[in-house]
Each structure stands twice: as structure tokens, then as C-alpha cells.
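These notes concern the structure reproduced below.
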Amino acid sequence: MPADMILQLKGLKKHYPILGGVLRKQINTVKALDGIDLDIYRGECLGLVGESGCGKTTTGKAVIRLHDPSEGSIFYYGKEHGAGRGVDITGLGRRALKKLGIRGKLQMVFQDPTTSLNPRMLIKNIIAEPIRAQNGLGARQMEKRVAELLYMVGLTKDHLLRYPHEFSGGQRQRIAVARAIATDPDFIVLDEPTSALDVSVQAQILNLLKSLQDSLQLTYLFVTHHLLVVKYVSNRTAVMYLGKIVELAPTADLFASPFHPYTHALLSGIPIPDVDHKPHRIVLAGDVPSPMNPPSGCRFHTRCPFAQEVCRRQEPVAAEAAPGRLVACHRWQDVPRLVRERFGK
Amino acid sequence: MPKLIETRDLVTNFYTYEGVVKALNKVGLVIERGTTFGLVGESGCGKSVTARSMMRVVQEPGRIEGGQVLFYPGEDGQEAVELLSQSEAYMQSLRGDQISMIFQEPNAALNPIMTIGDQVAESFLFHRKKEMCAKVLEDLKTADLPWPGLKKLLEFFYRRAAADPGDRLCCWASRTPILKRWQQRLFREARRRSVEIIAALDIANADQVVDRYPHNLSGGMKQRILIAMALACEPLLLIADEATSNLDVTIQAQILDLLRKLKKKSISSILLITHDLGVVAETCDRVGVMYAGSVCEVARVGELFRNPLHPYTRALLDAVPKFSVSGQLKSVEGNVPNLVDPPSGCRFHPRCPLRRKICAQRLPELALAGPDHLVACHLAGGRSGSAQVWGGR
Ligand SMILES: Nc1ncnc2c1ncn2[C@@H]1O[C@H](COP(=O)(O)OP(=O)(O)O)[C@@H](O)[C@H]1O
Ligand SMILES: Nc1ncnc2c1ncn2[C@@H]1O[C@H](COP(=O)(O)OP(=O)(O)O)[C@@H](O)[C@H]1O
Ligand code: SF4
Ligand code: SF4
Ligand SMILES: [Mg+2]
Ligand SMILES: [Mg+2]
């Protein structure tokens with residue numbers, strides 16, 4: 001993995017106000033992100049996993065500046081700014097981003113290909129839209145460029161003059177990918193890009209994304225709740241729980257020997273499509289607590305089988321458990337032993 | 001194992017504006033007693049329609065056009081009831097009692113303005129009225145009542161209701177002010193049973209949960225409540241249609257764990273419909289794979305995963321990311337066909353890497369290709385020696 005950084009998130013927070021009452025006063029906040037530190041390296045695919053509502057999409061949207069974080073900062077280290085020279089993009093608006101040439105460099109592909117494409121626009125225009133905003137190509141060149149993009153995602157020129165509803169879910173996701181790569185980006189947030197698709201189509205899209213990453217030298221933030229997909233595509237994986245990153249590790253290490261109890265539970269909970277695999281399941285009690293009133297101390301303590309008094313009082317800080325591995329748990333050193341004793345793994 | 005339910009050549013069509021959707025193309029399945037049968041396939045292949053046809057709850061504009069659904073209520077699996085020719089009243093007494101169904105979308109199945117307890121109790125009141133009246137009658141013997149006449153009166157009503165749940169006089173009394181209070185004890189009994197069954201599903205404070213409304217509960221909790229409702233009358237067959245597909249991994253693990261426990265305790269069979277091969281591998285005994293309205297392969301779960309014979313099954317297994325294997329995922333080209341105008345012959349032939357001339361011309365029948373292993377493919381079975389064609393696996 002190349003060592004140079006492309007994006008850096010520092011203490012990122014996003015709190016959504018909850019309004020209530022007749023006067024629409026703020027009565028509470030949803031702490032969707034509550035202090036996230038994340039370094040993303042050029043050329044990698046960083047997986048971001050966690051259960052729904054833990055803040056994965058909010059993280060992705062913050063990175064490409066679809067909303068303003070409440071606190072913290074985001075640095076972008078573009079090639080054109082020189083090695084190691086970051087730009088703080090946290091507070092920059094659309095116009096400022098465009099002026100710095102950053103806007104087209106950061107892109108996003110959303111989960112639901114049916115709602116992310118405008119149903120009244122021709123495919124040609126959907127894909128051309130982001131480039132049109134960027135540079136003034138002539139109509140002929142534009143069409144050529146769009147056809148080229150379609151070809152890159154496995155579609156053909158014949159699809160130019162059709163509407164989104166004429167395509168299957170998988171093809172629509174290909175169109176969304178074509179639109180994302182149109183501006184020649186450095187970095188793409190893929191937000192559950194295959195979660196709405198069938199397995200055979202999912203495999204097609206995953207392979208497409210992998211080959212595009214190689215040929216265009218892209219960096220991905222791959223957001224999903226599907227752990228086996230993350231295992232297939234990503235180099236490193238970050239595990240989120242209730243607005244925090246609880247563990248970060250190279251994907252192979254994470255799957256081979258997780259440290260955090262939540263990661264253990266997640267991994268043991270995946271139904272494995274293999275009859276010779278006998279799971280040692282760690283079934284967690286209860287539901288994910290509401291991000292409005294997250295539990296004190298370690299947020300996982302209400303469901304953690306190994307919680308102690310200290311977990312309720314004090315929030316664990318991320319510790320470097322091994323080179324390149326971070327874990328936020330008071331008892332991470334004991335966890336493998338505890339899991340073995342309690343669940344016989 | 002004796003059979004519990006069986007479909008033969010089931011054909012269901014939907015008459016839509018775009019044309020006739022030929023959703024089921026002669027579906028034949030057998031579910032045995034005491035087993036969990038998994039039905040897998042990609043979306044739109046007809047899994048839900050199969051289940052709905054079995055229970056005769058196909059949505060508009062669908063019609064069951066042919067075939068048979070045979071239900072074997074007896075222990076030995078000998079005598080069959082053909083469900084498609086039964087009256088709607090018979091089906092109603094069957095649904096929720098001997099066969100129950102839970103769906104993917106719990107919000108659609110729960111009534112938002114009724115408490116959880118009332119909704120669970122409803123299924124007891126519909127199917128178990130007789131039994132519960134007898135129970136109340138029993139309790140009345142030892143009950144202390146303010147005056148003896150009341151006891152007589154209550155006993156009168158409950159005796160009649162226990163003999164015939166649809167008793168005219170009781171129904172009339174239930175609609176008359178003051179008199180309708182005779183039912184209170186029945187309702188209390190239904191509620192007691194609701195709390196009991198909810199508590200049995202590992203839900204803490206069941207006695208408080210029954211007084212809540214669906215919107216106060218999380219997705220996993222709602223799915224448990226639906227399971228509670230489905231299990232209320234200890235059905236012979238539980239149909240779970242993508243019951244865990246919308247849930248998070250840790251919650252799905254809870255629900256699958258629960259189903260496994262319930263399966264051990266009560267003998268009921270489960271028809272588990274899912275698109276997730278992982279869920280199938282872990283929870284099912286036998287598996288049927290569907291593609292575009294046809295069943296293409298049926299086998300025991302170990303056999304299916306180790307020795308898949310149908311090209312579509314192999315394609316599906318190759319396409320899922322796995323835990324222990326890395327390397328490129330193989331993917332089949334193309335998409336699931338439109339069922340208004342399905343491909344001729346074998347419906348998989350436009351995408352099949354092994355297709356022959358005959359595949360486009362003739363529909364392959366589901367036939368034995370090994371012990372307890374059914375495959376619908378022209379290349380399978382003893383005829384052409386499938387193992388050579390595919391080079392083993
Ligand atoms: N616009 C919004 N207003 C209020 N709350 C929101 C908004 N967007 C997301 N949330 C809340 O923030 C939390 C995290 O959401 P999200 O990032 O979408 O989670 P994920 O993508 O991991 O499922 C959730 O509890 C969600 O309800
Ligand atoms: N209410 C309906 N109206 C029209 N077509 C329907 C309806 N329900 C199902 N179908 C069609 O029947 C086929 C099978 O659907 P279904 O059984 O729901 O698939 P799945 O395997 O995903 O459960 C699909 O092609 C679908 O278009
Ligand atoms: S800090 Fe405590 S509660 Fe949190 S994961 Fe570690 S052991 Fe469990
Ligand atoms: S019958 Fe022919 S097209 Fe169908 S699965 Fe078999 S080989 Fe393929
Ligand atoms: Mg999301
Ligand atoms: Mg379905």
C-alpha cells in the first residue's frame with residue numbers, strides 16, 4: 001500500500017438537531033458522528049462497516065462535502081498541491097472547492113440506483129452533467145467522452161439515448177459509476193453500492209469496481225454493512241459502532257484475529273455460504289442503542305459480553321494494538337482469551 | 001421423513017398491463033415433516049409467489065392457473081388434502097393455525113394502531129377460542145364471584161362457546177351492552193397466552209411489551225413479535241419469507257438463533273425463503289434453488305453446496321463472496337429475464353455457459369440425478385454424465 005495520504009479526518013463530528021414542540025425548538029441531537037479520526041491512503045480501498053444507523057453514510061457524505069460537519073476537520077492531499085501539502089476542505093463551499101479544482105476529484109456512488117438517477121433525464125445527459133459543469137467540451141467531444149465512459153463500465157453506445165427506467169438495477173448502478181468517474185476523480189465514496197442488487201449482479205459490479213480502481217488509480221471508501229463484501233474488496237477495514245470507529249486494521253488481519261468484542265460479534269454473525277464452516281456464534285443481547293442518548297463510557301458496554309465497571313465510566317481511547325491496527329477497548333488484550341473461554345472459538 | 005406439504009406443477013400468472021407475467025412455471029416441491037426447507041434464488045424468481053400460492057394468498061392481479069398443493073395434516077403423511085380445491089373458509093382456518101407466514105416487511109404486517117398484545121391475542125381468539133373457553137370454564141369452578149347467579153350465567157356462556165365457538169347466542173351477547181362483558185375472562189386468557197409466547201421468544205419485560213404499539217419497537221423486536229404471532233398456534237409449517245433480510249447482522253443472528261431453538265422444541269417444519277446462501281447453509285436441511293419461475297435443483301444442503309449440478313446453482317455459489325476463499329469472484333453475464341416473455345425451453349439458457357441446441361427447445365424436467373438430488377437440466381442425470389461435462393468440482 002502506498003504510504004501517501006489522500007484524505008485525513010480529524011475529530012470529525014456531526015450532530016443533527018432534533019426539533020420538537022410547537023415552537024420547533026431543538027429538543028435533542030442525534031450524534032451521528034462523534035469524533036472520528038481516519039487516514040485514507042492513496043490507491044487503497046478502505047472498507048467502512050457497521051450496522052445501520054451507526055454513521056457510515058454520514059461519514060461518506062462529510063468526506064465529499066455534502067454536509068458541514070459540526071466539529072473537526074477534513075484535509076485533502078491532492079497530487080496537484082504537492083506531496084504532503086494538505087488543504088483543509090472542512091469549511092469550503094462549492095465555489096471555493098471548484099476554484100481549487102477539488103470538486104470533481106471527490107465523488108460518491110449511492111446505494112439505491114433507482115433514486116439516485118433522475119428518471120426524466122437521458123443517460124447521455126446524466127453522465128455528461130458533471131463534466132459539463134467542469135469544462136466546456138463541444139457536443140461532439142462530449143458524446144464521444146460519454147460513450148467512452150459507458151464502455152468503461154460495460155455498457156455500449158446504444159444505451160446513450162435511453163432513460164433510467166429501461167435498465168435493470170445492475171445496469172443503473174453501472175450508470176451511476178460512469179457518472180462518478182466522469183470527472184476523473186481521485187477518490188470515490190461507494191455507499192452500499194451493491195446492497196440493492198442480486199448476488200450474481202453484485203459480483204459483476206464488484207469486479208467492475210475493482211478493475212476501474214486499477215486502471216484509473218482510484219482510492220475508495222467502501223461503505224457497507226455486508227462484511228464478506230468488504231473482505232472481498234478492501235485493503236483495510238474500519239468498524240463503526242454508534243458514531244465511533246472501534247477498530248481499524250488491514251482487512252486480512254481483522255478477519256483472521258479481531259480485537260474488539262464488537263468485531264468478534266459481527267464476524268461471528270455473518271451467515272457463511274459454506275456448509276463445512278461451523279460458526280461459533282456470539283449472539284449479542286438487545287438492540288443498538290439510540291444515537292440520541294448513547295451509553296456512557298464505552299458505547300458498546302450495554303451489549304458487550306465482557307463489560308466491566310470501568311467500561312461504564314470511562315470511554316476507551318484508540319490504542320495501537322499492532323502496527324497499523326487500532327482498537328478502542330479497555331480490555332482488548334484480554335478479548336481473544338475471553339472469547340475463547342466464553343464462546344469456545 | 002413423511003411429507004408435510006407438496007406442490008405439483010404449480011402454475012401462477014399475473015395479468016398485468018404489460019402482459020401476462022408467467023411467474024411460476026410448473027413448480028414442484030416437497031417439504032417434509034420436521035425439516036427446514038430453504039428456497040433460494042435471486043429477486044423476482046418466484047419464491048414469494050410460490051409460498052403465497054401454497055397458502056392461496058396470491059396478490060392481485062395474480063391467478064393460480066394449474067397444479068396441485070397437497071397438504072398432509074396426519075403424522076404419517078399419508079392422507080392428503082388438496083388445498084387448491086378447498087373452500088376459502090377452510091383455508092382461513094388453516095392459515096395462522098396449521099400454516100403460518102412471516103414476511104420481510106414487519107411494518108406491513110403489523111397494525112400501527114393496535115397494541116402488540118391485542119394483535120397477538122387476535123390470532124388466539126380466532127383459532128383457539130374453543131380451547132380457551134374450556135380453560136376459562138375450568139378456572140371458573142374455583143373462582144370467587146360476588147354472587148352465585150353470575151357464576152351460573154358465565155358458565156352458561158362459556159359452555160356454549162366451548163361447544164361451538166360460532167354459537168349464535170354468544171355472538172349476540174358479545175354485541176349487547178353489559179352482557180358483552182362475559183368475554184372479559186376470555187380476553188384475559190388470550191392476553192396471558194400472548195405474554196407467555198412473547199416471553200418465550202427471549203423478549204425481556206413481555207408484560208410491558210404487550211401494551212406498546214409497533215412504532216415503539218425496533219426492527220428486530222417487530223420481527224420477533226411477528227414470529228410470536230406466527231407461532232401462537234403452534235403451526236405445522238412456518239413460512240418465513242426473507243424474514244431476516246432487512247435486519248443487521250447481529251440482529252439477524254439473534255433471529256436465526258431463535259428459529260433454530262424453536263425448531264428443536266416444536267416439531268414444526270420451516271419453509272425458509274431467502275436470497276442469502278449463507279443463511280441457507282446454516283439453517284436448512286434441504287434446499288430448492290429457483291430461477292425465473294422454475295425449480296432448477298433440490299438437494300440436501302450439504303450435497304447442494306459440495307456438489308451443485310445445475311449450472312445456475314454453480315453460478316450462484318461462485319458469485320457470493322466467501323469467508324475462507326479469496327480471489328476473483330466469477331459472475332454470470334446478463335440479468336434475470338422478464339417473465340412476460342420468458343426464454344423458451346430452459347429459462348436459464350441465454351445465460352448458461354453450457355447450453356446446447358436442445359436447451360432452447362425443450363423445458364428440462366426436474367429429475368433424479370443422484371440419491372435425493374433433483375436437477376432440471378438437459379445435461380444432468382444419468383443421460384449425459386454431468387460430472388464429465390463439468391470436470392468435477
Ligand atoms: N438528515 C438527518 N437528520 C437527522 N438525523 C439523521 C440525518 N441523517 C442521518 N441521521 C441519523 O444519523 C445516524 C447515522 O445515519 P447514517 O450515517 O445514515 O447511518 P448508516 O449509513 O451507517 O446506516 C442515524 O441514527 C440517522 O437516523
Ligand atoms: N402483484 C404482482 N403483480 C405483478 N407481477 C407480480 C406480482 N407479484 C409478483 N409478480 C411477478 O412474479 C415474479 C415472481 O415474484 P416473486 O415471487 O415476488 O419473486 P421473489 O423470488 O423475489 O420473491 C416476478 O417476476 C414479479 O414481477
Ligand atoms: S471497553 Fe469494555 S464494554 Fe467496551 S468493548 Fe471493551 S470490554 Fe466491552
Ligand atoms: S438445460 Fe441447458 S441451458 Fe438449461 S441449465 Fe442445463 S445446460 Fe444450461
Ligand atoms: Mg447508510
Ligand atoms: Mg420475495
Residues of segment A:192-205 classified as buried (at least 23 other Cβ atoms within 10 Å of the Cβ) and at pLDDT 90 or above, total: 6
Which numbered condition B:THR12 fails, given (1) at pLDDT below 95; (2) buried (at least 18 other Cβ atoms within 10 Å of the Cβ): (1)
Residue that is nearest to B:LEU339 (Cα to Cα), among those in segment B:15-25 that are within 8 Å of ligand 2 (Cβ to nearest atom) and open to solvent by 10 Å² or more (accessible area, probe 1.4 Å): B:VAL21
Filter result for A:GLY11 (outside any strand (DSSP E or B) and more than 16 Å from ligand 5 (Cβ to nearest atom)): no
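Here is a yes/no grid of residues against (1) without any contact (Cβ under 8 Å) to a residue 24 or more places away in the chain; (2) out of contact with any strand residue (DSSP E or B) (no Cβ under 7 Å at 6 or more places or on another chain):
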residue: A:PRO69; (1), (2): no, no
residue: A:GLY91; (1), (2): yes, yes
residue: A:GLN107; (1), (2): no, no
residue: A:GLN111; (1), (2): no, no
residue: A:ARG120; (1), (2): no, yes
residue: A:ILE127; (1), (2): no, yes
residue: A:PRO130; (1), (2): no, yes
residue: A:LEU137; (1), (2): yes, yes
So A:PRO250, is it within 23 Å of B:PHE323 (Cβ to Cβ) and away from ligand 3 (no atom under 15 Å from the Cβ): yes
Test: residue in segment A:195-209 that is within 16 Å of ligand 1 (Cβ to nearest atom) and within 26 Å of A:ALA62 (Cα to Cα): yes
Number of positions in segment B:352-368 that are over 30 Å from the mean Cα position of the chain (by Cα) and open to solvent by less than 90 Å² (accessible area, probe 1.4 Å): 5
Selection count where residues are part of a helix (DSSP H, G or I) and away from every other protein chain (no Cβ under 14 Å), scope segment B:169-214: 32
Filter result (at pLDDT 90 or above and either within 16 Å of ligand 5 (Cβ to nearest atom) or within 27 Å of A:VAL233 (Cβ to Cβ) (or both)) within segment A:73-88: A:ILE74, A:PHE75, A:TYR76, A:TYR77
Boolean, A:ILE36 is outside any helix (DSSP H, G or I), away from ligand 4 (no atom under 16 Å from the Cβ) and open to solvent by less than 10 Å² (accessible area, probe 1.4 Å): yes
The listed residue being more than 16 Å from ligand 6 (Cβ to nearest atom), open to solvent by 40 Å² or more (accessible area, probe 1.4 Å) and assigned to a loop (DSSP other than H, G, I, E, B), out of A:VAL288, A:VAL275: A:VAL288
Odd one out for B:LEU309 among (1) open to solvent by less than 30 Å² (accessible area, probe 1.4 Å); (2) under 27 Å from A:SER195 (Cα atoms): (2)
Tally, over segment A:15-30, of residues that are in contact with a Pro (Cβ under 6 Å, 6 or more places away or on another chain) and open to solvent by 50 Å² or more (accessible area, probe 1.4 Å): 1
Which numbered condition A:LEU149 fails, given (1) touching a Pro at 6+ places or on another chain (Cβ under 8 Å); (2) crowded, with 18+ Cβ neighbours inside 10 Å: (1)
Index of the failed condition, B:LEU339 passing every other in (1) farther than 30 Å from B:GLY74 by Cβ; (2) surrounded by 20 or more Cβ atoms within 10 Å (Cβ to Cβ); (3) within 26 Å of the chain's Cα centre (by Cα); (4) within 13 Å of chain A (Cβ to nearest Cβ): (4)
Neighbours by Cβ (under 7 Å, 6+ apart or cross-chain): first from segment B:343-372, of a type in the set (A, V, I, L, M); second within 16 Å of ligand 6 (Cβ to nearest atom): B:LEU366/B:VAL295
Those residues of segment B:109-126 which are open to solvent by 30 Å² or more (accessible area, probe 1.4 Å) and farther than 27 Å from B:LEU4 by Cβ, in sequence order: B:ASN111, B:PRO112, B:ILE113, B:MET114, B:ASP118
Given (1) more than 9 Å from every other protein chain (Cβ to nearest Cβ); (2) farther than 28 Å from B:VAL11 by Cα; (3) open to solvent by less than 10 Å² (accessible area, probe 1.4 Å), index of the condition B:PHE348 fails: (2)
Answer from B:THR283, B:THR274 - the residue that is open to solvent by less than 10 Å² (accessible area, probe 1.4 Å), of a type in the set (S, T, N, Q) and within 14 Å of chain A (Cβ to nearest Cβ): B:THR274
The listed residue being exposed (fewer than 14 other Cβ atoms within 10 Å of the Cβ), among the basic types (Lys, Arg) and more than 30 Å from B:HIS275 (Cα to Cα), out of B:LYS129, B:LYS152: B:LYS152
Single match in B:SER331, B:SER324, B:SER294 (criterion: more than 9 Å from every other protein chain (Cβ to nearest Cβ) and either within 23 Å of the chain's Cα centre (by Cα) or not basic (Lys, Arg) (or both)): B:SER294
Filter result for B:ALA292 (at pLDDT 90 or above and either within 16 Å of ligand 6 (Cβ to nearest atom) or open to solvent by 10 Å² or more (accessible area, probe 1.4 Å) (or both)): yes
Boolean, A:ASN293 is surrounded by fewer than 22 Cβ atoms within 10 Å (Cβ to Cβ) and more than 10 Å from chain B (Cβ to nearest Cβ): yes
Candidates B:GLU82, B:GLU32, filtered to the one that is over 17 Å from the mean Cα position of the chain (by Cα), under 29 Å from B:CYS346 (Cα atoms) and outside the structural domain of B:ILE225 (by TED's automatic domain parsing): B:GLU82
Residue list for segment A:259-271, filter: in contact (Cβ under 8 Å) with a residue 12 or more places away in the chain and either facing another protein chain (nearest Cβ under 7 Å) or buried (at least 23 other Cβ atoms within 10 Å of the Cβ) (or both): A:PHE259, A:HIS260, A:PRO261, A:TYR262, A:THR263, A:HIS264, A:ALA265, A:LEU266, A:GLY269, A:ILE270
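The values are calculated or read from the model by the stated rules, or taken from the named source; none is laboratory data. This one's a predicted model, so the numbers in the text were calculated from it and none came from an experiment. For neighbour counting, all protein chains shown are included, and Cβ atoms are generated from backbone atoms with ideal geometry for every residue, glycine included. The accessibility values were calculated without ligands, DNA or RNA, using every heavy atom of the protein model including side chains. Shrake-Rupley method; radii C 1.70, N 1.55, O 1.52, S 1.80 Å.
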